[in-house]
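The values are calculated or read from the model by the stated rules, or taken from the named source; none is laboratory data. Because the structure is a prediction, the values reported are computed rather than measured. A quick note on method: Cβ atoms are made from the backbone with ideal geometry, for glycine too, and the neighbour counts reach across all protein chains shown.
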Amino acid sequence: MKEDKYDIIVVGGGAAGMMAAGVAASEGKSVLLIEKNKRLGEKLRISGGGRCNITNDTPDIRQLLDNYGDAEQFLYSPFSQFGPEDSFSFFEKLNLPLVVEANQRAFPKSQKAADVVRALEQHMKTGNVKVISDTAISRVTGANGKITGVEAGEKTYQATSYILATGGVSHPETGSTGDGFGWLKELGHTIKEPTPSIVPLATKESWGHKLTGTSLSDIKITFLINGKKAFAKSGRILFTHFGISGPLILNSAKAVSDLLQEGEVTATIDCFPDTDTGSLEKKILEVFDDNKNKMFKNIFNKIAPDGTGKILLTLLPEIDHEKGVHSITKTERKQIAKLLKALPLTIKGLLGNDKAVVADGGVPLTEMDMKTMRSLLYKNLFITGDLLHINRPTGGFSLQTCWTTGYVAGINA
């Protein structure tokens, strides 16, 4: 059974889909948006821990695109059409002012992701976008270089142009289950298999799991491949029941994933990166001198980072925890300093797509006209957001990609 024909059909009611639908409708087009969830913007509602990191306030396009790896060369045209400054203007016109926090990350002033969804819904309402929710598309059909319709059960929806915005495979509980990848593959597009690229790391050692919920700020973590240093990063990490997380770890995951293909990956955490081992030994001695008559186990927490003393003490089995600090030898002090400068971890792997903030994969950008977001295989098909193979870090870069590709698709469709 066929439905009324529209100028544009948008499949997917997430960030890129709502942007595309609203923009196309503001150009006077009749737009139908089809969403499989009962409500729009499910992934958007949980982004940024429920606060929604809308964009990254890096006005210089070259500097911004430096964060996108191999995709950089393809993104100049779309980002020059709609970049971070445009995102600021766009949301402020919708009465959603933004505030900039650490590392140029921009959030809604209200600190509520739900307000972002509401603003986009209002934008679509202004343009009279028709929304059909709780409707799963089963197939996208095409012939002779044109998309001919989208099927949902026994219904076929038709339009002059089609925009796919179904998202990738991260956070499948929000509906991002990779449906679009299947349709695009069936239509003849190459699909780069998705891997979780911004995701926590699973570790082997139980001491780290016992520190669940504890975060260490201003540390340095060094990753090693088969015992040789690969790379190091500084910042904050969070211990979890399965391993380590936090922005520093999430943004290291892609590089760690590549290392895991080569051999055993281990890591060391330097709790005091700004203090050399010799100076740390002196500080330890000062703490001991101030607590001469106390047992080692009772003053170790004065040396170790907050909240870690009891657990890290188990990593010093060679030292008698019951003995007084005045009995600790110079060799043992060196051992303590060495541990705090290099807490040992073994990386078992990356957590799956269900834990990923972002997963890469999708249509290679070489199969796209990136000036318009048009497929090079189908002249009336436009592809946006996480359906495109674009690697990027956390910090607002992912949603900016959705706003940019959604806007460009909406204008050109």
Quiz item: Within the range 338-348, can one find any residue that is closer than 24 Å to residue 13 by Cβ, surrounded by 15 or more Cβ atoms within 10 Å (Cβ to Cβ) and in contact (Cβ under 8 Å) with a residue 12 or more places away in the chain?
Solution: no
Exercise. Among residues belonging to the range 61-105 that are at pLDDT 95 or above, of a type in the set (A, V, I, L, M, F, W, C) and in contact with an Asp or Glu (Cβ under 9 Å, 6 or more places away or on another chain), point out the one that is nearest to residue 385 (Cα to Cα).
Key: 88
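Name the one entry in 45, 39, 51 that is more than 22 Å from the chain's Cα centre (by Cα) and in the same structural domain as residue 147 (by TED's automatic domain parsing).
Numbers: 45 fails: more than 22 Å from the chain's Cα centre (by Cα); 51 fails: more than 22 Å from the chain's Cα centre (by Cα).
So the residue among 45, 39, 51 that is more than 22 Å from the chain's Cα centre (by Cα) and in the same structural domain as residue 147 (by TED's automatic domain parsing) is 39.
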Quiz item: Only one residue in 101, 151 is over 30 Å from residue 187 (Cβ atoms), among the charged types (D, E, K, R) and in contact with a strand residue (DSSP E or B) (Cβ under 8 Å, 6 or more places away or on another chain). Which one?
Solution: 101
Self-check item: Every residue from the range 21-59 that is within 18 Å of residue 116 (Cβ to Cβ), assigned to a loop (DSSP other than H, G, I, E, B) and of a type in the set (Gly, Ala, Ser)
Solution: 41
Quiz item: Name the strands (runs of 3 or more DSSP E) wholly within the range 218-308 that hold at least 1 residues that are modelled with pLDDT under 95, under 20 Å from residue 337 (Cβ atoms) and in the same structural domain as residue 103 (by TED's automatic domain parsing)?
Solution: none
Quiz item: If you scan the range 146-175, which residues turn out to be in a loop (DSSP other than H, G, I, E, B) and either out of contact with any Lys or Arg (no Cβ under 9 Å at 6 or more places or on another chain) or modelled with pLDDT of 95 or more (or both)?
Solution: 153, 154, 165, 168, 169
Quiz item: For residue 91, are the conditions met, namely being out of contact with any Pro (no Cβ under 6 Å at 6 or more places or on another chain), crowded, with 21+ Cβ neighbours inside 10 Å and part of a helix (DSSP H, G or I)?
Solution: yes
Quiz item: Of the residues that sit in the range 2-56 and are touching a strand residue (DSSP E or B) at 6+ places or on another chain (Cβ under 8 Å) and on the phi > 0 side of the Ramachandran plot, which one is surrounded by the most Cβ atoms within 10 Å (Cβ to Cβ)?
Solution: 12
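Is there a residue being touching a residue at least 40 places away in the same chain (Cβ under 8 Å) and more than 30 Å from residue 144 (Cα to Cα) anywhere in the range 182-189? I'd like the intermediate steps shown before the answer.
Initially, the range 182-189 is screened for residues touching a residue at least 40 places away in the same chain (Cβ under 8 Å), giving 183-184, 186-189.
Those left that are additionally more than 30 Å from residue 144 (Cα to Cα): none.
Checking the range 182-189: not a single residue is touching a residue at least 40 places away in the same chain (Cβ under 8 Å) and more than 30 Å from residue 144 (Cα to Cα).
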